[in-house]
Amino acid sequence: MSEEKKEELQTEEVQETETEVITEEAPVEETIESVKADLEAKLKEAEDKYLRVHADFENIKKRLEKEKYNAIDYASEKFAKDLLAPIDTLEMALAAEEAAADLPAEELLGKLKEGVELTIKNFYTAFEKHDITEVDTDGEFDPNFHDAVMQIDSPDHEDGHIVQRLQKGYKLKERLLRPAMVSICKK
């Protein structure tokens, strides 16, 4: 074969190869575009899903925050409701005093005493419901629960022990609300 013939054949082969590549590239480009469009749609869907989940999370967070503040604001609601009974009892005692103005003084005093005792009982019932207890004042002085306001000499008590309770102390569960005011023995 001559050189010219060889060059012609090579040129034809190159042209055929280019034609094949060009015809093969068209479907590849269409496939790439199709895949790209698919991926963009999935990305958009994922972004939308993310935004919805994020918005739901923020809404839940706000709702829980609101519920927390409501719980704090209304935490003492049950206790306040339980204190209504002692107030009612005191008001009834005052109303009974006005209605019984013609009773003898001794009888009136007895009714008032009964009303006050009932009121105190109602307070202790409310305290019990809410785990409010008295601070124990029997035995040794404890600075965590007692406030010593006097020291007295007592032959019946050991040094550092409580002789007398001057004012009751109270605890809410194990937390001190008010220390008991006491006098202690000093020898």
message = Among the residues of region 55-64, are any free of Cβ contacts under 8 Å to residues at least 40 places away in the same chain, surrounded by 11 or more Cβ atoms within 10 Å (Cβ to Cβ) and within 36 Å of the chain's Cα centre (by Cα)?
response = no
message = I'd like the full set of residues that are among the acidic types (Asp, Glu) and within 41 Å of the chain's Cα centre (by Cα), limited to region 146-166.
response = Asp147
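Residue-by-condition table, conditions (1) touching a Pro at 6+ places or on another chain (Cβ under 7 Å); (2) within 23 Å of Ile132 (Cβ to Cβ); (3) in the same structural domain as Leu118 (by TED's automatic domain parsing):
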site: His54; (1), (2), (3): no, no, no
site: Lys62; (1), (2), (3): no, no, no
site: Asn70; (1), (2), (3): no, no, no
site: Leu83; (1), (2), (3): no, yes, yes
site: Ala99; (1), (2), (3): no, no, yes
inquiry  = I'd like to check something: does region 153-170 contain any residue that is under 21 Å from Ala80 (Cα atoms), in a strand (DSSP E or B), outside the structural domain of Lys81 (by TED's automatic domain parsing) and out of contact with any Pro (no Cβ under 6 Å at 6 or more places or on another chain)?
reply    = yes
message = Taking the conditions exactly as written (of a type in the set (Gly, Ala, Ser), touching a residue at least 12 places away in the same chain (Cβ under 8 Å) and on the phi < 0 side of the Ramachandran plot), does Ala96 satisfy them or not?
response = yes
ask   = Would you say Ala126 is more than 13 Å from Ile184 (Cα to Cα) and without any contact (Cβ under 8 Å) to a residue 12 or more places away in the chain?
value = no
message = If I ask for residues that are surrounded by fewer than 12 Cβ atoms within 10 Å (Cβ to Cβ), among the charged types (D, E, K, R) and out of contact with any Cys (no Cβ under 8 Å at 6 or more places or on another chain), which ones from region 141-167 would you list?
response = Asp156
ask   = Is it fair to say Glu174 is over 31 Å from the mean Cα position of the chain (by Cα) and surrounded by fewer than 14 Cβ atoms within 10 Å (Cβ to Cβ)?
value = no
query = Of all residues in region 102-134, how many are over 38 Å from the mean Cα position of the chain (by Cα) and either surrounded by 15 or more Cβ atoms within 10 Å (Cβ to Cβ) or part of a helix (DSSP H, G or I) (or both)?
reply = 11
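The values are calculated or read from the model by the stated rules, or taken from the named source; none is laboratory data. This one's a predicted model, so the numbers in the text were calculated from it and none came from an experiment. All Cβ positions, glycine included, derive from the backbone under ideal geometry; neighbour counts span all protein chains shown.
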